[in-house]
Structure formats: C-alpha cells, structure tokens
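The values are calculated or read from the model by the stated rules, or taken from the named source; none is laboratory data. Remember, predicted model here, so these are calculated numbers, not experimental data. All Cβ positions, even for glycine, are placed from backbone atoms using ideal geometry, and neighbour counts span all protein chains on display. Calculation scope for accessible area: heavy atoms of the full protein, side chains included, ligands and nucleic acids excluded. Shrake-Rupley method; radii C 1.70, N 1.55, O 1.52, S 1.80 Å.
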Amino acid sequence: SFSAAEVRARCAQGACLVRCHRRLYDLSGFVRLHPGGEQLLRRRAGTDVSAALDGPPHRHSANARRWLEQYYVGEMEPGEEPGPPAAPDLARSSCLWATGRGLQPEIPQLCARYRGGVWVPWGYNRCLLPQDLVDWQKPLLWQVGYLGEKYDEWVHQPVDRPIRLFHSDFLESLSKTAWYVVFIVWAPVVLYLSWVSYTSLAQGNTRLFSSFTSEYSIPVHKYYFPFIFLLGMFLWSLLEYLIHRFVFHMKPPASNYYLITLHFLLHGQHHKSPFDSSRLVFPPVPASLVIGFFYGILRLLLPEVLGLSVFVGGLCGYVIYDMMHYYLHYGSPKKGTYLYGLKAYHVKHHFEHQKSGFGISTRFWDYPFQTLIPEETFEKED
C-alpha cells in the first residue's frame, strides 16, 4: 500500500501515478503513448481519474480500462484517498467491469492484470477470471489458430507486451522492423524511379492508348509527371483503405486454423499488441513481394513509363503511410493539429471501433464507404 505522501514524492520525481478510487497505477511508461497527449496525463498525476474515465471529453472503452490494469502497482492506504468512498455503481463504471463474452459468459472481469501471461484477479475481487488463452512464453503464431471462435474477441483485447511469432530467430528477425528502415530502403527507390520516369517522359515517346489506336493516341509530356505522381499517391490512399478493411480486418472462419494464423500474421498481432514498436511498419522483405505484385499489374494496364510514374507515386504514398502509422502510435502531436486528431482516431480504431475507422494516413475514404468513427456526445446534466 502507498500513502498520499509517497505518491506525491514519486510524482515530484517525475513519475506519473494516478488513482482509480483506492487503486494506484504507474503510467510513467505510457504517458508518451497516450492519445490525449503526455501533458494531459502529467496534469492528472497524483489525482483520482475515475471520473475522467467516463468523460467528457472522452468515454474510455472497456479495452482502455482493461489496459489500465496492466500498470497497477498497489492500493492507497485507508483514509488516504480524498473524498467519500465511491458508490458501487460508480466503481462498477469507472473500474474494469466487463463480461467475458465468448471467453467465460456471465463471469464479471474486474480490475485484473497480466502477470506471466495470465489474467490475475486481485484478492478483494472475489471472482474468478479465465487464464489467457495462449502461452506467452512460446511463439504465438502457431497457437492462435486453435482459439477458434474465441480468436476474434481475444485478438481485439490489446495488451502492452511484445509478441514473438516464430521459433526461428532468423524468421523472427524478418518479421520485425525499425521505423527508419522503411525510409532508408524505399526513399532512394522513390527518388531513383522518379528520375527514370521523368527522363523517360522527356524523350516524348510515351503515348496513352497507343496500343489501341495511333491516330487518336494522347502524348504524355514530361510536365505531366507531377500530376501522374500525385495520382499514384491518391490511388495508394484508396488501396491502403481497401487492404486495411477487407484483408487485414477479414474475420477468419472459426473452424479454419490456417486462415486464423494468416490473419494474425498479417494484422492480428498488431491489434493484440498495438504498441510493439518493432511491428508497426511493414518489413522490407515481404513488402518487396507485395510492391512487385502491384508494379506488375500497372505494367499490364498502362504503357511502361506511364505505369512506372503511377507506381512511384504510389510507392511514395506507402512510405508516407508507414511513417505516419508509426508516428500515430509513438508520436506526441500538438493538440489541435491534424495529426493529433488522426492519432486519437486511430487509437479509437484499436481500442473500441475495430469495424470502422480504416483510414490511417487520411480519413477521406471512411466518408464515402460510411465507416467513419462517430463523434462522441455527452448529454448535459441538469
């Protein structure tokens, strides 16, 4: 247990301790990742956040409350917490009550934490919680397929811990990538192919529809290159949305071990551990295979130089997307900026709205496809 003086002393030393009634949490390692910004949590250091969890301005999801329990460090000493004891309903709403749908029906899950890969309930809960469905001491990729109908719920309950996929150290290394590797590998490719495209167009030999007719074919001048490049970036933004929604968020059949395993490899791992810094960008080796596939499609559909010009714009869009995705998880954008809103939007996708909010670098495509995450509203009290 901790006294109020101990909490104040730790906060004065730079720690970020908050309370939910008598329960104490150390958020020092999470403050930079908080979608509301580091300063918001810093201002609440040493205070009771039980009311803030229910909003406004933001009502925290069941996953967010479950996430909080991972930082539990102890209890406040009796009489140390300010204010009268919370009513049961308030405690029920502000701490971590959830029903284990699909995992253990009708059993309440209150204020539990991960310890050694297992959900451990606190002594006073007087309730039983199911153990985690996987062994975190072993690679997860070959385990998740056995979860069956429990997989979808399990994978969308995020945890703050690194994931290991493979037994082989070599394969494991290929599945991890530092954010800057994407820029180092692909930025020179974008610059080189841009120069090749522009100089090829400058020769004046590229014509649109030349394979169908020579009389009505349209010449493509070098001055068109910036617009073709931007077209490629625009098409990438659509492709980004479609892949995220229909491939990454497919719901694999509960009876299909291999599709569940594939889903976890492609995207499920990211939703299970959204702040694993080594798994936030696409590793260059598998990325090169996907990029080569789309280049081949453009070569079939468009004249060689024109297809290359669209391709390099799309490749630039991909690099920007991967850099933005990492920043939305680990950056601290200034409140009120475009990236601040986008970070909050993307975190909502992870913690509460997994079936909407598929735009990452932009919310543009969520509008026509009607998958925009709705704005939260709070009724005014009398």
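Please turn the phi angles of region 304-310 into ³J(HN,Hα) values with the Karplus equation 6.51 cos²θ - 1.76 cosθ + 1.60 (θ = phi - 60°), one per residue in order, whole Hz, x for glycine and proline.
3, 5, 5, x, 5, 5, 5
Only four residue types carry charge here, +1 at the Cβ of Lys and Arg and -1 at the Cβ of Asp and Glu. Report the dipole size of region 169-366 about the Cα centre in Debye, rounded to the nearest 20.
Numbers: 14 positive and 9 negative charges, 100 e Å.
It works out to roughly 480 debye.
Give the peptides 147-154, 347-354 in descending order of average Cβ contacts within 10 Å, highest first. Spell out each step's value before the answer.
Values: 147-154: 17.0, 347-354: 20.0.
The densest-packed peptide leads the list: 347-354, 147-154.
Between Phe248 and Val196, how many nm apart are label points set 7 Å from Cα along the C-beta direction?
2.8 nm
Place a +1 charge on the Cβ of each Lys and Arg in region 213-317 and a -1 charge on the Cβ of each Asp and Glu, then give the dipole magnitude about the Cα centre in debye, rounded to the nearest 20.
That gives a dipole near 280 debye.
Just to confirm a number: summing +1 for Lys and Arg and -1 for Asp and Glu over residues other than Leu342 whose beta-carbon lies under 12 angstrom from that of Leu342, what do you get? Show your work: numbers first, answer last.
On the way: positive: Lys343, Lys348, Arg363; negative: Asp366.
Net charge around Leu342: +2.
Given the Cα-Cα distance of Thr362 and Arg43 and 0.36 nm per residue of separation, how much length would full extension add, in nm?
Numbers: separation 319, 0.36 × 319 = 114.84 nm, distance 3.01 nm.
Fully extending the segment from Thr362 to Arg43 adds 111.8 nm.
Provide, for region 169-366, the number of lysine pairs with alpha carbons under 16 Å apart, each pair being eight or more places apart or on different chains. Please report the intermediate quantities before stating the final value.
On the way: Lys176/Lys272; Lys251/Lys272; Lys251/Lys355; Lys272/Lys348; Lys272/Lys355; Lys334/Lys343; Lys335/Lys343.
Here the count comes out as 7.
If I model region 169-366 as equal point scatterers sitting on the Cα atoms and use the Debye formula, what is log10 I(q)/I(0) at q = 0.09, 0.17 Å⁻¹?
-0.41, -1.18
³J(HN,Hα) across region 64-74 via Karplus (A = 6.51, B = -1.76, C = 1.60, θ = phi - 60°), whole Hz, x for Gly/Pro?
In residue order, the calculated couplings are 5, 5, 5, 4, 4, 5, 5, 9, 5, 10, x Hz.
Grab the alpha carbons of region 4-75, take their convex hull, and tell me the volume per residue in Å³.
Numbers: hull volume 6.0 nm³, N = 72.
About 84 Å³ per residue, rounded to a whole number.
For Phe2, which sequence-distant residues (separation of 5 or more, or a different chain) have an amide H within less than 5 Å of its own amide H, given hydrogens modelled in the peptide plane?
It is Glu75, Met76, Glu77, by chain and number.
Leaving out ligands and nucleic acids, note down the accessible area per residue over region 4-75 with a 1.4 angstrom probe, in whole Å². Please report the intermediate quantities before stating the final value.
On the way: 3130 Å² over 72 residues.
Result: 43 Å² per residue.
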